[in-house]
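Every number in this text was worked out from the coordinates using simple rules, so none of it is lab data. Just so we're clear, the structure is a prediction, and the values are computed from it rather than from any experiment. Because the Cβ atoms are built from the backbone with ideal geometry, glycine has one as well, and the counts that use them run over all protein chains shown.
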Amino acid sequence: MAEVALAEIGKRYADGTMAVEKLSLKVADGEFLVLVGPSGCGKSTALRMIAGLEEISEGTLSIGDRVVNRVPARDRDVAMVFQSYALYPHLDVFDNIGFGLRLRGMRKNAVEPRVTAVAETLGLTEHLRRRPASLSGGQRQRVAMGRAMVREPAVYLMDEPLSNLDAKLRVQMRAEIGRITRRTGVTTIYVTHDQTEAMTLGDRVAVMRKGRLQQVAPPQELYDNPVNVFVAGFIGSPPMNLLEGVFSEDGDALRLTLGDRTIPVGGTFLQNRPGLRAHLDRRVVVGVRPEDLSDATLDGAGAPAVLTAEAELTEALGSDLYVHFSLPVPAVVSEDTRELARDAGAEPLSERADRSTVVARFSPRSAARPGDRIAVAVDASRLHVFDVETGRSIR
Ligand code: ADP
């Protein structure tokens, strides 16, 4: 087991693409760290550099107390699990799991107990004599895990290992990976573009964008205190609503103007965010999570901050009612929000959008239906504020 330390790691591909820039990260011994970000942000490249499958252009990589920039992959004491399991079709489960050990010259009678133990942990004991073609997707995934585990490496490196599984199996295998890695206590670096996987698996989550690390923090910290618009919009489902607004002083408190609407904001909001003072009476990006918007007729009676609108779409999930509505507030159009929309597969944002769509997470007891006038209570104490120009959080 070992700590993994990246110091200002960079990767320039032969064609000049700077895939990773100045990536500094310390993964503690036994920690589960998730690298997450949109497609093309450099996560796989980072992982492949740690694995030794890609040359490091800049910076220093250490595993344990050894600098390994020039150490070949097989001598780094890491084991990689890929999204394509790359199992050997002509070998049975036992031989697939034990293959790497045999390749390293380990004797058959030494390999056997290790394969048996790993198969036991993964629930593969009764399938040891089967070939990959006759296994389910989940079982193949387990064999691929087994191949990494049997080597008893210091570090597991996983590159979207669940992306070939259907939704239900993904959730099951996600829990299993979490359980196994915690039990073995092996340092794990896990790459995914799925923020739910990132949030549920990671002790800490590192969000990357365009080759650069944006923020690394425990999942809840990332969710509660995103450092910029990009992290705010990327982590959370449905995503944080982002609107343009202006805060102004109003006696001891504040008011927030959103298009033609104004809502009161308590004075403590400014005390908790001294940085906001410099942005009063100026345009800022206001972020509000769907769960901080509720049905005012249910639980917001007497709430000071209420927005009225027309419900355009409702989605009843049983546990929640998602209500979509729009406000005559300019949408936030920036490089960040464009990239977030692209990543979510949403319509490209129009530069002239003068209305913003907002999603609220109402209680399932809400009677809101499409076409209804709704009163939306805003928990103004939980608003997020970002700089319009830089996208950085204002605290
Ligand atoms: P991710 O895993 O986040 O999807 P990658 O690490 O695969 O991102 O890629 C990061 C960037 O590097 C992308 O712009 C990608 O097109 C580029 N890239 C990846 N592999 C190569 C390569 N072999 N040669 C040139 N560019 C590459």
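Among Asp252, Asp354, Asp77, whose mean-square fluctuation peaks in a Gaussian network model of the chain (Cα, cutoff 10 Å)? Among Asp252, Asp354, Asp77, the largest mean-square fluctuation in the Gaussian network model of the chain belongs to Asp252.
Under the combined filter of DSSP loop state and at most 14 neighbouring Cβ atoms within 10 Å, region 309-395 retains these GluC sites (Glu not before Pro): Glu351, Glu389. Taking label positions 7 Å along the Cα-Cβ direction at both Asp29 and Ser84, the computed distance is 3.7 nm, reported to one decimal. Summing charges over neighbours of Met106, with a neighbour being any other residue whose Cβ is under 12 Å away from its Cβ, gives +4 when K and R count +1 and D and E count -1. Applying a length cut-off of 24 Å (Cα extent along the axis) and a mean Kyte-Doolittle floor of -1.0 to the DSSP H helices of the chain leaves 167-184. Using alpha carbons only, the radius of gyration of the chain set against its Kirkwood radius gives Rg/Rh = 1.05. What FRET efficiency comes out for the pair Ala73/Asp95, r = Cβ-Cβ distance, R0 = 25 Å, nearest 0.05? Efficiency computed from Cβ-Cβ geometry: 0.70.
Top mean-square fluctuation among Gln215, Gln195, Gln271, Gaussian network model of the chain, C-alpha springs under 10 Å? Highest fluctuation among the options: Gln271.
Loop-resident trypsin sites (Lys or Arg not before Pro) (DSSP state other than H, G, I, E or B) in region 136-170 with no more than 12 further Cβ atoms inside 10 Å of their Cβ are absent. Each part reduced to its alpha carbon centroid, region 101-129 and region 1-61 end up 31 Å apart. Treating each Cα of region 36-173 as an identical point scatterer and summing with the Debye formula, the log10 of I(q)/I(0) at q = 0.10, 0.21 Å⁻¹ comes to -0.37, -1.28.
Per the Cα gyration tensor, region 238-387 maps to an equivalent ellipsoid with semi-axes of 24, 21, 13 Å, ordered largest to smallest. The relative contact order of the chain comes to 16 percent, based on Cα pairs under 8 Å that sit 6 or more residues apart. The trypsin sites (Lys or Arg not before Pro) of region 43-80 that DSSP puts in a loop, and whose beta carbon has at most 16 other beta carbons within 10 Å, are Arg70. Can you give the net charge of the other residues whose Cβ lies under 13 Å from the Cβ of Ala344, counting K and R as +1 and D and E as -1? In short, -3. Given a Förster radius of 41 Å and the C-beta distance between Thr200 and Arg255 as r, what FRET efficiency does 1/(1 + (r/R0)^6) yield to the nearest 0.05? According to the calculation, E is roughly 0.60. Neighbours of Gly275, meaning other residues whose beta-carbon lies under 11 angstrom from its beta-carbon, give a summed charge of +3 when Lys and Arg score +1 and Asp and Glu score -1.
Would any residue of region 1-44 have its amide N under 11 Å from a label point 7 Å out along Cα→Cβ of Arg212? List them or say none. The answer is 21-22, whose backbone nitrogens lie closer than 11 Å to the label point.
Applying 1/(1 + (r/R0)^6) with r as the Cβ-Cβ distance of Ala117 and Thr17 and R0 = 35 angstrom yields a FRET efficiency of 0.25.
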